[in-house]
Amino acid sequence: MPTDRDPLALLETWDGLGVVLRHDQPTGTWIIIALHDDRLGRPAGGTRMKVYPALADALEDAQRLAEGMTHKWAGLDLPFGGGKAVLAIPRPLEAAERAGLIDRYAGLIASLNGTFRTGPDLGTTPEDMARIAAHCPHVLGYDFERRYSVDPGPYTARGVYESLKAAVAAAFGDDDLAGRTVLIQGVGDVGEPLARLLAADGARLLLADVDRRRAGGLAAELGAEAVDPDAVYDLPCDVYAPCAVGGTLNAGTIPRLACRVVAGSANNQLATAEDAERLHRRGILYAPDYVANSGGAMAIALMQQGLWDEEALMARVAGIGRVMAEILAEAQEQGVSPLRAARRRVERRLAAAQSSDMRSK
Ligand code: PHE
């Protein structure tokens, strides 16, 4: 749904730190770097490349994603702040145009001197990040010695998998996935490795993707079923795993859902915070997105701190399942939605950081 808001009003009313905005003339792209919060550390977050209906939509997405990163880092207890970049392209770009845009974007990041650090997100690739790293050191998940650019997808998928199991255990009493039906919406960078993990556990998979051939190919390989991407909100399943765009949980879709658990990797799955209460009232257990999908961010942050061993990283990421189990248990005990329980944890961390920050000033 396109927003009817004025971009300047979005800039004025935002509760974040501010937005760096530049129009890239050669490609007609709006470059948006939204900086939300720096109480835990300097803002860091992925770069999304996407076509939006209008500038206001891109700006709003960047601001909401940056806020999501604040929560994600706080939930992980890692010393990074919330930020996110959006490259709002007018149409899919040719390779040469794209390279030019990435180079100019890298120049902008370089000029910020580390105020914002980035990595891949929807629509950008590890190759794009390597290109940015050729201009400046402010790229996370890039090994400057080996010139190796990481794909966070498999780490994100592992965190979602563990979170999904924690949610299934909370909803059904055990986390056995054999015979459970999981509907994955979007089998891209995260959805595909997630499907592989679930298939290995004997889950019955329904796979949907706007790229129908992609869903069909993976379904054939895994012995799963490809389903119509327009039918996802009405299909009976145990778990609905949104692994594509945000905002799929809203006043229109929630009454239609025929699942018991929602656990997926998309950022900003809820259209509004009220939708968490809507799910709660319907008895659908929602695994908060910024916790479930934090495996990629966690791996990238740990790499930044010098840990590059894949097995060790995966083991740390798997710990997200325990965090999710704690959040769901806290929500259950207090009779609140899981989003509220997760938010309380985040607020406690941010408040603690703020008070120690004030003491040191
Ligand atoms: N874009 C991914 C996310 O939203 C991974 C990422 C995290 C990339 C942090 C860069 C920095 O979690």
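The values are calculated or read from the model by the stated rules, or taken from the named source; none is laboratory data. Computed from a prediction, not measured in an experiment: that's the story for all the values here. We place every Cβ from the backbone using ideal geometry, glycine too, and count neighbours over all the protein chains shown. For the accessible areas, the whole protein counts, side chains as well, though only heavy atoms, and no ligand, DNA or RNA atoms are used. Shrake-Rupley method; radii C 1.70, N 1.55, O 1.52, S 1.80 Å.
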List the number of the failed condition for residue 58; all other conditions in (1) in contact (Cβ under 8 Å) with a residue 60 or more places away in the chain; (2) surrounded by 21 or more Cβ atoms within 10 Å (Cβ to Cβ); (3) not basic (Lys, Arg) hold. (1)
Quick count over the range 102-122, residues being within 12 Å of the ligand (Cβ to nearest atom) and open to solvent by less than 40 Å² (accessible area, probe 1.4 Å), is 6
Taking the range 308-319 and the residues there that are open to solvent by 30 Å² or more (accessible area, probe 1.4 Å) and among the aliphatic types (A, V, I, L, M), the one that is nearest to the ligand (Cβ to nearest atom) would be 314
Could you list, in sequence order, all residues of the range 282-307 that are more than 16 Å from the ligand (Cβ to nearest atom), open to solvent by 50 Å² or more (accessible area, probe 1.4 Å) and either at pLDDT below 95 or hydrophobic (A, V, I, L, M, F, W, C) (or both)? 306
Can you give me the number of residues within the range 233-249 that are touching a strand residue (DSSP E or B) at 6+ places or on another chain (Cβ under 9 Å) and either surrounded by fewer than 16 Cβ atoms within 10 Å (Cβ to Cβ) or among the aliphatic types (A, V, I, L, M) (or both)? 7
Does the range 131-165 hold any residues that are at pLDDT below 95 and hydrophobic (A, V, I, L, M, F, W, C), and which are they? 144, 150
Taking the range 166-180 and keeping residues open to solvent by 20 Å² or more (accessible area, probe 1.4 Å) and either at pLDDT below 95 or in contact with a helix residue (DSSP H, G or I) (Cβ under 6 Å, 6 or more places away or on another chain) (or both) leaves 170, 175, 179
Lone unmet requirement of (1) farther than 22 Å from residue 188 by Cβ; (2) more than 10 Å from the ligand (Cβ to nearest atom) for residue 73: (2)
Selected residue (only one of 133, 157, 166 is over 21 Å from residue 190 (Cβ atoms) and of a type in the set (Gly, Ala, Ser)): 133
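For the range 292-303, how many residues are within 9 Å of the chain's Cα centre (by Cα) and aliphatic (A, V, I, L, M)?
First pass over the range 292-303, keeping only residues within 9 Å of the chain's Cα centre (by Cα): 292-294, 296-297.
If we keep only those that are aliphatic (A, V, I, L, M) too, we end up with 292, 297.
Final tally of qualifying residues: 2.
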Check on residue 50, assigned to a strand (DSSP E or B), open to solvent by 20 Å² or more (accessible area, probe 1.4 Å) and within 16 Å of the ligand (Cβ to nearest atom): yes
Residue check, residue 161 among the aromatic types (Phe, Trp, Tyr), in contact (Cβ under 8 Å) with a residue 12 or more places away in the chain, more than 15 Å from the ligand (Cβ to nearest atom) and more than 21 Å from residue 92 (Cβ to Cβ): yes
What is the one condition in (1) touching a Ser or Thr at 6+ places or on another chain (Cβ under 9 Å); (2) more than 22 Å from residue 245 (Cα to Cα); (3) of a type outside the set (A, V, I, L, M, F, W, C); (4) open to solvent by 70 Å² or more (accessible area, probe 1.4 Å) that residue 344 does not satisfy? (1)
Of the residues in the range 76-97, those that are more than 16 Å from the ligand (Cβ to nearest atom), touching a residue at least 40 places away in the same chain (Cβ under 8 Å) and open to solvent by 30 Å² or more (accessible area, probe 1.4 Å) come to 90, 91, 92, 93, 97
Taking the conditions exactly as written (outside any helix (DSSP H, G or I), buried (at least 18 other Cβ atoms within 10 Å of the Cβ) and hydrophobic (A, V, I, L, M, F, W, C)), does residue 198 satisfy them or not? no
Would you check if residue 322 is surrounded by 13 or more Cβ atoms within 10 Å (Cβ to Cβ), in a helix (DSSP H, G or I) and of a type in the set (Lys, Arg)? no
Restricting attention to the range 60-89, the residues that are in a helix (DSSP H, G or I) and within 19 Å of residue 104 (Cβ to Cβ) number exactly 1
Quick test of your reading of the structure: residue 155 fulfils all but one of (1) open to solvent by 10 Å² or more (accessible area, probe 1.4 Å); (2) within 14 Å of the ligand (Cβ to nearest atom); (3) within 29 Å of residue 22 (Cβ to Cβ). Name the failing condition by number. (3)
